[in-house]
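Q: Mind having a look at this structure? Questions to follow.
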Amino acid sequence: MSNELTLRDVADERGVSLGAAIDPDTLRRDPSYWKTASSEFNVLTPENALKMGPLRPSRYAYDFRDADAVVEFGENHDATVRGHTLVWHNQKPDWFQAWEYTPDQLRAFLRDHIHTVVGRYHGRIDAWDVVNEAVADDGSMRKTVWYDALGEEYLADAFRWAREVDPNVDLYYNDYGADEVNEKSDAIYDLLERLLERDVPVDGVGLQLHALGDWPDPDSIAENVRRFNDLGLEVQITEMDVAFHQGEEPEDPLEAQAEYYSEVVEACLEAGCETIVTWGVGDGTSWLRGFKDFGERYTGDPLLFDDRYEPKPAYHAVKDALQD
Ligand code: G3I
């Protein structure tokens, strides 16, 4: 019976959000991508379209065409949309490099950006990754343009500005390499605790879960989910994909990958994390195919659907895990 149901049917039935990152260009030109995205997932994240670079052709202008396309696609197919992301050190506009701003100018720019973007999608986006990757791999604060000019306070400001324009949207801090209990997730825990103590409106933490070679231990992910929940935060898995270290692919990689996907889904649901977003629809359009280190350092096909949008063993494993 399970074969007749889509992943989305099963997720809906279980009351779980199962999602994918979406690229508007592929949506426009590839009917198979469009069909798979709309029928298999109930939550969608614009993969790049809501980042500052794509949104800001100049300091004074916005280009919402790609972001609107993904948000409208979600609305037309009754899927919720995660907003990704308002403040990041990466994918800033090209013109940013040459801008000789003062801290006050940068702060005013960021405030306007957050007000405008969150305001435009008020009531249409359910959760925002307000700040992405503010903590470095060793647990210190990452030295970014935001941190260098504004100090740690930029995080509190960003969450408050987002809350000012949308009182109901869920506001997330999102990061990679912090999926299990480790030095980095400890630092993020401390950071979010500091913010919450000052009544900064943080609702949740996004664990990206790019499992590239070193796969985070599902039990440790569950423990991590529980401790953030105990702090009063929701937890979502926001960018999952699964690959292998180059040269270490097991005999049956698709089965190994399927087993890992299912263990993660089970551990997350058990621990109280009910949103799991994969970072793309099919292997052929995964960001990893264009990632410079892929091929040299990693191997494998990371997602639930293959290049032709045929469901893989991982797809069936996730479906079975949701039906258990
Ligand atoms: O669209 C432009 C195109 O106009 C331009 O000509 C071309 C030339 O470089 O680049 C195209 O943009 C690329 C964009 O993806 C869209 O394909 C960028 O170069 C490329 O850097 C960008 O990569 C994205 C990456 O973030 C940037 O760091 C990936 O698609 C995206 O999957 C990835 O997503 C991040 C999350 O946001 C945060 N967590 C990690 C995750 C993976 O790196």
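Q: Starting from the amide H of Asp307, placed 1.01 Å from N in the peptide plane, find each other amide H under 5 Å away whose residue is 5 or more places distant or on another chain.
A: Close amide H contacts, sequence-distant or interchain: Asp283, Gly284.
Q: Suppose every Lys and Arg Cβ carries +1 and every Asp and Glu Cβ carries -1, with no other charges. What dipole size does the chain come out with about its Cα centre, to the nearest 20 debye?
A: Dipole about the Cα centre, nearest 20: 1600 debye.
Q: Please report the spacing between the Cα centers of the range 259-324 and the range 80-121 in Å, no decimals.
A: Distance between centres, Cα-based: 30 Å.
Q: So, one more: Packing-wise, with mean Cβ within 10 Å as the measure, how do 75-81, 166-172 rank, highest first? If you can, show how the numbers build up before the last one.
A: Details: 75-81: 15.7, 166-172: 18.1.
Ranked by mean Cβ neighbours within 10 Å, highest first: 166-172, 75-81.
Q: I'd like the trypsin sites (Lys or Arg not before Pro) in the range 15-75 restricted to DSSP loop residues with at most 15 other Cβ atoms within 10 Å, sorted by number. Don't skip to the end; give the middle numbers.
A: Values: sites: Arg28, Arg29, Lys35, Lys51, Arg59, Arg65; in loops: Lys51, Arg59.
Passing both the DSSP loop test and the Cβ count: Arg59.
Q: Now for a separate question. Around Gly83, which amide H atoms from residues at least 5 apart in sequence, or from another chain, sit under 5 Å from its own amide H, with H modelled in the peptide plane?
A: Excluding prolines and chain starts, which carry no amide H, the hits are Asp126, Ala127, Trp128, Asp129.
Q: Continuing with the same structure: Exactly which GluC sites (Glu not before Pro) in the range 220-324 are in a DSSP loop and have at most 15 other Cβ atoms within 10 Å? Spell out each step's value before the answer.
A: Working: sites: Glu223, Glu234, Glu239, Glu248, Glu251, Glu255, Glu259, Glu263, Glu266, Glu270, Glu274, Glu296; in loops: Glu248, Glu251, Glu274, Glu296.
Listed in order of number, the matching sites are Glu248, Glu251, Glu296.
Q: Among bridges DSSP assigns within the chain, what percent are antiparallel (round to 5)?
A: Expressed as a percentage, antiparallel bridges in the chain total about 15.
Q: I'd like the chymotrypsin sites (Phe, Trp or Tyr not before Pro) in the range 78-108 restricted to DSSP loop residues with at most 13 other Cβ atoms within 10 Å, sorted by number. Write out the running numbers ahead of the final one.
A: Details: sites: Trp88, Trp95, Phe96, Trp99, Tyr101; in loops: Trp88, Trp99, Tyr101.
The qualifying sites are Trp99.
Q: Ignoring any ligand, DNA or RNA, what whole percent of the accessible area of the range 7-323 comes from carbon and sulfur when the probe is 1.4 angstrom?
A: In the range 7-323, the share of accessible area belonging to carbon and sulfur is 42 percent.
Q: So, one more: May I ask you to evaluate 6.51 cos²θ - 1.76 cosθ + 1.60, the Karplus curve with θ = phi - 60°, for each residue of the range 158-169 and list the ³J(HN,Hα) values in order in whole Hz, giving x for glycine and proline?
A: Result, ordered by residue: 4, 5, 5, 5, 5, 5, 4, 9, 9, x, 9, 5 Hz.
Q: Kindly identify the range 190-298 as rounded, prolate or oblate by the Cα gyration tensor criterion: order the square roots of the eigenvalues as a ≥ b ≥ c, call it rounded if a/c is under 1.5, otherwise compare a/b with b/c, prolate if a/b is larger, else oblate. Please report the intermediate quantities before stating the final value.
A: Numbers: a/c = 2.45, a/b = 1.85, b/c = 1.33.
Judged from the Cα gyration tensor, the range 190-298 comes out prolate (a/c at least 1.5, a/b above b/c).
Q: Turning to a different aspect of this structure: With the other protein chains left in place, how much accessible area per residue, in square angstrom, belongs to the range 7-323 at a 1.4 angstrom probe? Write out the running numbers ahead of the final one.
A: Numbers: 13020 Å² over 317 residues.
In whole numbers, the range 7-323 has 41 Å² accessible per residue.
The values are calculated or read from the model by the stated rules, or taken from the named source; none is laboratory data. Given the structure is predicted, the values throughout are model-derived calculations rather than measurements. So basically every Cβ, Gly included, is an ideal-geometry build from the backbone, and we count neighbours across all protein chains shown. Side chains are part of the model used for accessible areas, which takes the heavy atoms of the whole protein and leaves out ligands, DNA and RNA. Shrake-Rupley method; radii C 1.70, N 1.55, O 1.52, S 1.80 Å.
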